[in-house]
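Undergrad: Submitted below is the structure of interest, expressed as structure tokens.
The values are calculated or read from the model by the stated rules, or taken from the named source; none is laboratory data. None of these values were measured; they are calculated from a predicted model. Using ideal geometry, Cβ is built from the backbone for each residue, glycine included, and neighbour counts are taken over all protein chains shown. Just the protein is used for accessible areas: all its heavy atoms, side chains included, with ligands, DNA and RNA removed. Shrake-Rupley method; radii C 1.70, N 1.55, O 1.52, S 1.80 Å.
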Amino acid sequence: MITMLSWILKQVQNDTEKHMTKYTLPELGYAYDALEPFIDARTMEIHHSKHHQTYVDKFNAAIEKYPELSERSPEELLKDLNSVPEDIRIAVRNHGGGTYNHAFFWKILKLNSNPENDAPELIKAINKDFGSLDNFKEQFSQVATNHFGSGWAWLVKNNDKLSIIATPNQDCPLSQGLKPILCIDIWEHAYYLKYQNKRADYVASFWNVINWTELENNFKA
Ligand code: MN3
């Protein structure tokens, strides 16, 4: 009995110690059905609780060997991949990227946000660099729709200039020295349940669920 009890206490202690150095899955900050009908609840639930969780777990597993890395956030590691030990660099790029990109993505999603009201400074910059918000949306949609295979499309800032890029897999603009402002996940897991092969329809719906307040913050940060 005492042996059993001390074994249980030891496990709890181990878990507590492990937990302290591990990155954890961030909360969405809203319900899984908050983006209906544009992004469905089932997709959000699987995407967050299964896909994102798996990136977090594999990121933690990758850095387990180097406890000193757990003191640096995925963001810091992605900004300086060359400082990551070579034997785990690809794992950090993929799973640290998956961990960071998804956390970033959840934050820029919201229903009923208005670009002109919620992101006045960003809209000025978009008008300057793309001519108009409509032009920007069209160019971004094309990049997101036409990117071959899995990856992400991004609006990024480099010094004071905005541009649209796509990254393959879970590659993050931070690793190219670019500051992300907006992104869309174009892996099939992000849209297949509702949109099947119609990525263009998913991208068109995406414009209804952008948190422009958050984009304004990203732009000004
Ligand atoms: Mn995803």
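Undergrad: Of the residues Leu109, Leu178, Leu133, Leu182, only one is within 20 Å of the chain's Cα centre (by Cα), away from the ligand (no atom under 16 Å from the Cβ), open to solvent by less than 40 Å² (accessible area, probe 1.4 Å) and not hydroxyl-bearing (Ser, Thr, Tyr); which? Break it down into steps so the answer makes sense when it comes.
TA: Numbers: Leu109 fails: away from the ligand (no atom under 16 Å from the Cβ); Leu133 fails: within 20 Å of the chain's Cα centre (by Cα); Leu182 fails: away from the ligand (no atom under 16 Å from the Cβ).
From the options Leu109, Leu178, Leu133, Leu182, the qualifying one is Leu178.
Undergrad: Only one residue in Ala144, Ala125, Ala62 is within 16 Å of the ligand (Cβ to nearest atom) and either surrounded by 13 or more Cβ atoms within 10 Å (Cβ to Cβ) or assigned to a helix (DSSP H, G or I) (or both), so which one is that?
TA: On the way: Ala125 fails: within 16 Å of the ligand (Cβ to nearest atom); Ala62 fails: within 16 Å of the ligand (Cβ to nearest atom).
Of Ala144, Ala125, Ala62, the one residue that is within 16 Å of the ligand (Cβ to nearest atom) and either surrounded by 13 or more Cβ atoms within 10 Å (Cβ to Cβ) or assigned to a helix (DSSP H, G or I) (or both) is Ala144.
Undergrad: Looking at the range 65-75 only, could you name the residues that are more than 16 Å from the ligand (Cβ to nearest atom) and open to solvent by less than 60 Å² (accessible area, probe 1.4 Å)?
TA: Of the range 65-75, the ones more than 16 Å from the ligand (Cβ to nearest atom) are 65-73, 75.
Tyr66, Leu69, Ser70, Ser73, listed by residue number.
Undergrad: Within the range 147-166, which residues are farther than 12 Å from Gly98 by Cβ and open to solvent by less than 50 Å² (accessible area, probe 1.4 Å)? Walk me through it before giving the result.
TA: Pass one, the range 147-166, residues farther than 12 Å from Gly98 by Cβ: 147-149, 153-166.
Scanning the range 147-166 gives His147, Gly149, Ala153, Trp154, Leu155, Val156, Lys157, Leu162, Ser163, Ile164, Ile165, Ala166.
Undergrad: I need the full set of residues from the range 39-59 which are among the hydrophobic types (A, V, I, L, M, F, W, C) and either without any contact (Cβ under 8 Å) to a residue 12 or more places away in the chain or open to solvent by 30 Å² or more (accessible area, probe 1.4 Å) (or both), in order please.
TA: Passing the criteria: Ala41, Ile46.
Undergrad: OK, next. Does Gln139 count as over 28 Å from Pro74 (Cα atoms), more than 16 Å from the ligand (Cβ to nearest atom) and at pLDDT 95 or above? Walk me through it before giving the result.
TA: On the way: over 28 Å from Pro74 (Cα atoms): yes; more than 16 Å from the ligand (Cβ to nearest atom): yes; at pLDDT 95 or above: yes.
So Gln139 passes the test.
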